[in-house]
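Take a look at the structure below.
The values are calculated or read from the model by the stated rules, or taken from the named source; none is laboratory data. All values derive from a computational prediction rather than experimental measurement. Don't worry about glycine lacking a Cβ; one is built from the backbone with ideal geometry, like all the others, and counts go over all protein chains shown.
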Amino acid sequence: MSDETPLPAPHESDPEETLEEKREAALRAGLEAYELTEEDLATLTDDYQDTQERLPIIAIVGRPNVGKSTLVNRIIGKRLAVVEDTPGVTRDRVTYPAEWAGVDFLLMDTGGWERNVTGLDLSVAQAAEAAIDMADAIIFVVDATVGATSSDEHVVRLLRKAQKPVVLCANKVDGPQGELEAAALWNLGLGEPYPVSALHGRGTGDLLDAAINALPEELEDEVIDEGAPRRVALVGRPNVGKSSLLNQLAGSNRVVVNEVAGTTRDPVDEIVEIGGRNWTLVDTAGIRRRVHQTSGADFYASLRTGAAIERAEVALVLIDGSVPLTEQDTRVIGQVVEAGRALVLVVNKWDLVGEDERFLLERSIEQDLVRLPWAPRVNLSAKTGWHTNRLLPALDLALSSWDQRISTGKLNAFLGELVAEHPHPVRGGRQPKILFATQAATRPPRFVIFASMFLDPQYRRFIERRLREKFGFEGTPIQVSVRVREKRGKKR
Ligand code: GDP
Ligand code: GDP
């Protein structure tokens, strides 16, 4: 069973503890009547860990007009990845959940964005480079009716250098007569060209089979080594002060460690000592590159941001305190929450905020971020270094919340009490009954509630709010999902 607290000796029984136990027992008593699988019941034990691995990423790469967006649409089956022709449109969504032959993966689209950009070769290479960086396997798309161009050759060189699995897609082979042109692409030296018509769907099955097969068995960065420096991403829209903060942190604190096992996996990362401990700052190369000065930067920056967040455990999201919050700021915050990473908000450029404005600024930030009351906030100045020492406790707090596990006993005692005080509203004459709950995962904390019917979203949010009040979780998103289990013997 599940209790970490030993039974109290009879003479000193703690009233609160016995109450908890009673409540938990009562909650469990009703379970017999429900159709619960072995796996459902296994979740009740405290050492249960629902391993939620990251999904593999397959990136679609190629020069403009070869049919990348068409292929993405074909694969995800919807017109989500709109073939976008409006210049200047920032597409922040670059990966789409997809599935093939029972394998779930993320499909990454680099199509469309380079139309905003003037220096064509450079931009294709930039997009390709970022995509290759992030991906576990790459589908390289070439227009078979045109053949390999110098632009294509450029990407091929990047692909070779990266040494990641590549599947060659010879697109626009709309009929058998195009197969010969496709075969000519053997010359690229990337192995078998798969003849495909993204437009009509011809050959995409074989292409996807090959791409899935090419995925490595073990995904990079999947395991977080215990004891390795924790991984921090510095993110935020261009000009909020990321490189300034990096310099401030690294300037005095940089540690030159590179080959220590389990420290850096990637030369773009840097190890920095903060508060006597080592931390891995991910993608410092991307920050130093100052991408905001190049054209097409929004999309590129967005790609980089996504990649950095994915690879980090905790994100420091910088916002510029001297100007109002922008949509781009909230989008970055949203990316962190969606990725399930711990989060610390950094309000930078505090030196530009006058004494008398500070109170109002705090208020307006709070209003702008009402949905994020749980994120610790640090006001600082990357330029002067003022308050940068406050980052350390905020990082520690956010990460400990991210790691936190609530025992099944405690969780159910808490829920029992909550349900007794505030039962779920009756819906259509019936009342959803909560059977039990378990914390299925940490990093971020994920709770699964087994119930007799679906719970109203308001009630789920209420539970989340109470979970935070009771157990903290400052600095981490938490997820609550509901699984419905029917009463035994009920007709389906
Ligand atoms: P991207 O710039 O690489 O994303 O290319 P798009 O997906 O926007 O496609 C460029 C053009 O090629 C569009 O006009 C598509 O309709 C067309 N196209 C894409 N795939 C095929 C295909 O398999 N066959 C033919 N004939 N045209 C295609
Ligand atoms: P990034 O694009 O997010 O890396 O931003 P940068 O670090 O390049 O900073 C953008 C601009 O803001 C530069 O001119 C910095 O000098 C300035 N800046 C960054 N942090 C501060 C700060 O704390 N106070 C002030 N006054 N300026 C800052």
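If Thr43 passes every condition in (1) crowded, with 19+ Cβ neighbours inside 10 Å; (2) of a type in the set (S, T, N, Q); (3) out of contact with any helix residue (DSSP H, G or I) (no Cβ under 9 Å at 6 or more places or on another chain); (4) modelled with pLDDT under 75 but one, which one does it miss?
Of (1) crowded, with 19+ Cβ neighbours inside 10 Å; (2) of a type in the set (S, T, N, Q); (3) out of contact with any helix residue (DSSP H, G or I) (no Cβ under 9 Å at 6 or more places or on another chain); (4) modelled with pLDDT under 75, only one is false for Thr43: (3).
Right, Glu366: surrounded by fewer than 16 Cβ atoms within 10 Å (Cβ to Cβ), over 20 Å from the mean Cα position of the chain (by Cα), farther than 30 Å from Gln479 by Cβ and acidic (Asp, Glu) or not? Walk me through how you get there before you give the answer.
Working: surrounded by fewer than 16 Cβ atoms within 10 Å (Cβ to Cβ): yes; over 20 Å from the mean Cα position of the chain (by Cα): yes; farther than 30 Å from Gln479 by Cβ: no; acidic (Asp, Glu): yes.
No.
Would you check which residues across region 145-161 are touching a strand residue (DSSP E or B) at 6+ places or on another chain (Cβ under 8 Å) and either assigned to a helix (DSSP H, G or I) or buried (at least 24 other Cβ atoms within 10 Å of the Cβ) (or both) and list them?
Asp152, Val155, Val156, Leu159
Only one residue in Ala198, Ala182, Ala214 is buried (at least 17 other Cβ atoms within 10 Å of the Cβ) and touching a helix residue (DSSP H, G or I) at 6+ places or on another chain (Cβ under 8 Å), so which one is that? First the steps, then the outcome.
Values: Ala182 fails: touching a helix residue (DSSP H, G or I) at 6+ places or on another chain (Cβ under 8 Å); Ala214 fails: touching a helix residue (DSSP H, G or I) at 6+ places or on another chain (Cβ under 8 Å).
Within the list Ala198, Ala182, Ala214, the selection yields Ala198.
Would you check if Gln458 is within 28 Å of the chain's Cα centre (by Cα) and of a type outside the set (Lys, Arg)?
Against the criterion (within 28 Å of the chain's Cα centre (by Cα) and of a type outside the set (Lys, Arg)), Gln458 qualifies.
Scanning for something in contact (Cβ under 8 Å) with a residue 60 or more places away in the chain and within 16 Å of ligand 1 (Cβ to nearest atom), does region 210-230 turn up at least one residue?
Residues of region 210-230 in contact (Cβ under 8 Å) with a residue 60 or more places away in the chain: 211-212, 214-216, 219-222, 224, 230.
Pick out the ones that are also within 16 Å of ligand 1 (Cβ to nearest atom) and you get none.
No, region 210-230 contains no residue that is in contact (Cβ under 8 Å) with a residue 60 or more places away in the chain and within 16 Å of ligand 1 (Cβ to nearest atom).
Considering only residues that are within 16 Å of ligand 1 (Cβ to nearest atom) and not in a helix (DSSP H, G or I), which ones fall in region 168-193?
Within region 168-193, Leu168, Cys169, Ala170, Asn171, Lys172, Val173, Asp174, Gly175, Pro193 qualify.
Does Leu467 satisfy being closer than 24 Å to Ala375 by Cα and buried (at least 20 other Cβ atoms within 10 Å of the Cβ)?
Yes.
With region 300-413 as the region, which strands (runs of 3 or more DSSP E) entirely inside it contain at least 2 residues that are within 22 Å of Trp279 (Cα to Cα) and touching an Asp or Glu at 6+ places or on another chain (Cβ under 7 Å)?
342-348
Give the residue that is modelled with the highest pLDDT, with candidates limited to residues of region 348-388 that are over 19 Å from Val235 (Cα atoms) and of a type in the set (A, V, I, L, M).
Per the stated criteria, the residue is Leu352.
Only one of these is among the β-branched types (Val, Ile, Thr), under 29 Å from the mean Cα position of the chain (by Cα), away from ligand 2 (no atom under 16 Å from the Cβ) and surrounded by 19 or more Cβ atoms within 10 Å (Cβ to Cβ): Val167, Val142, Val173. Name it.
Values: Val142 fails: under 29 Å from the mean Cα position of the chain (by Cα); Val173 fails: under 29 Å from the mean Cα position of the chain (by Cα).
Every option except Val167 fails the conditions.
Any residue at all in region 240-248 that's touching an Asp or Glu at 6+ places or on another chain (Cβ under 7 Å), at pLDDT below 90 and outside the structural domain of Asp152 (by TED's automatic domain parsing)?
Looking through region 240-248, none of the residues is touching an Asp or Glu at 6+ places or on another chain (Cβ under 7 Å), at pLDDT below 90 and outside the structural domain of Asp152 (by TED's automatic domain parsing).
Arg115 is checked against (1) modelled with pLDDT of 70 or more; (2) within 12 Å of ligand 1 (Cβ to nearest atom) and fails just one. What number does that condition carry?
Tallying (1) modelled with pLDDT of 70 or more; (2) within 12 Å of ligand 1 (Cβ to nearest atom), Arg115 fails exactly one: (1).
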